[in-house]
Each structure stands twice: as C-alpha cells, then as structure tokens.
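Take a look at the structure below.
The values are calculated or read from the model by the stated rules, or taken from the named source; none is laboratory data. All figures in this text were calculated on a predicted structure; none of them were measured in a lab. Cβ sites come from the backbone with ideal geometry, for glycine too, and all protein chains shown count toward neighbours.
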Amino acid sequence: MTQFSQVQAIIAADPLRSRILRLVQELELPDCWVAAGFVRSAVWDHLHQRSTSPLPLDVDVIWFDSGRASAELDSHIEAALRCKDQAIDWSVKNQARMHLRNGDSSYSSALDAMTHWPETATAVAVRLGVGGMVEVAAPLGLDDLFNLVVRPTAKFQAEKRQVYLNRLRSKNWLETWPNLKIVPID
C-alpha cells in the first residue's frame, strides 16, 4: 500500500474526519483542502498505534482564489462552518493572501502555499473528490510524515529559523508522539 493510499485509508476510516471533509466539500470553494494537523495528527496517531485520533485544536481549511482574497470572507466562511458544527474551531485561510503575512512572494495555488509551511510533515492536505474518494495533496512528499520526522522546510532552516524553533516549543509534539524524530537546526 502506498503512503498516499495509507493516508486515504486512515482519513476514510475516521468518521469525524470524514464528516468534516463532507462539511467543507459543501462549501464548493476552489482549490479547497483540510490540511496540516488534521492529517498529520491522524497519521502520527495511527503510527503510534492509537485506536482513536482526536482533532487538533483547530481545523485548518485552506483554499485558493486570488479574486476573493480577504480576511473578511474567510471569517464569513468560518461562521458558516460554525453554523454546521460549532464544536469545531475552524480556521479558514485563502492562501492567495497568506504570502503577505508570511513575507513570501505570491503563491500560485493552495499546494504552492503548502511548500512554504514550516515543516515537511505538516504540508499535507486532504479533501473529498469524485465519488467521495479522499484525495491527498503532499507537495513535499509523505516520507517525513510516515517516518515520524519533524523537519523544517528550506526557509525555516535559515531566515525563518526562529519560527520553527518556537513551533517546536509551543507544540510540544514529543510529549504526545514520543517516537518522533526532531531534526535539529545547527
């Protein structure tokens, strides 16, 4: 079984995550995915042989539409999702505007934006495709995710190094997933 099909199986076997994917699909947003900890935590829990995987503190919904890149619209979409399920802390971000916050050049798609995220294992997303099949996006691959490696992406090894180090401290991933291997920055 490939790593992509393993992600599909892990997400599809989780009723709560499957329900969230259906709620997000109903929005019919372009280039739309549920990303980051939503997928990463499920895979890491699976690899740590946990029978259930709780949701992360927030559920990251990313999408891309350069013609509608406003924080106000993202807030409106979050409110619509809260109406569907108020128990979930939704975080909606049109990646067409996030380069400004991150100090990067413009992104061309949601997947392009993911290549600028702090860790390789976090740059993974899923959505429901045709026939309810789980689609997986991993522009930096899935090796680090499945090998339990926390590695900074290129910019976070140098110019954004402190952001990566702050995330390591604040997330405290080793406490939850003790088999992780953290790649140090020299």
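A few remarks follow.
Yes/no matrix, rows are residues, columns are (1) out of contact with any Ser or Thr (no Cβ under 7 Å at 6 or more places or on another chain); (2) not hydroxyl-bearing (S, T, Y):
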| residue | (1), (2) |
| --- | --- |
| K84 | yes, yes |
| S105 | yes, no |
| L128 | yes, yes |
| N147 | yes, yes |
| R151 | no, yes |
| Q157 | yes, yes |
| K160 | yes, yes |
| E175 | yes, yes |
| I185 | yes, yes |
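- The C-beta contact set for the range 32-54 (first residue closer than 11 Å to I11 by Cβ and assigned to a strand (DSSP E or B), second residue of a type in the set (D, E) and modelled with pLDDT of 95 or more, distance under 9 angstrom, 6+ apart or interchain) comprises V34/D60.
- Cβ-Cβ distances below 8 Å connect the following pairs, each with a first residue in the range 78-102 that is under 22 Å from R161 (Cα atoms), a second residue that is in a strand (DSSP E or B) and among the aliphatic types (A, V, I, L, M), and a separation of six or more residues or different chains: Q95/I62.
- All of (1) farther than 28 Å from Q6 by Cα; (2) within 19 Å of the chain's Cα centre (by Cα); (3) not acidic (D, E) hold for S66 with one exception: (2).
- If you check V150, V163 for being closer than 15 Å to T122 by Cα and within 16 Å of the chain's Cα centre (by Cα), only one passes: V150.
- Residues that are under 17 Å from the mean Cα position of the chain (by Cα) and more than 29 Å from K181 (Cβ to Cβ) are absent from the range 40-58 altogether.
- Wholly within the range 61-162, helices (runs of 4 or more DSSP H) carrying at least 3 residues that are surrounded by fewer than 20 Cβ atoms within 10 Å (Cβ to Cβ): 71-84, 95-102, 154-157
- The range 59-85, residues that are of a type outside the set (A, V, I, L, M) and either under 18 Å from L21 (Cβ atoms) or in contact with a Leu (Cβ under 8 Å, 6 or more places away or on another chain) (or both): D60, W63, F64, D65, E78, R82, C83, K84, D85
Each row is one residue, and each column tells you yes or no for (1) out of contact with any His (no Cβ under 9 Å at 6 or more places or on another chain); (2) at positive phi; (3) among the β-branched types (V, I, T); (4) at pLDDT 95 or above.
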residue	(1), (2), (3), (4)
S105	no, no, no, no
A113	no, no, no, yes
E135	yes, no, no, yes
L145	yes, no, no, yes
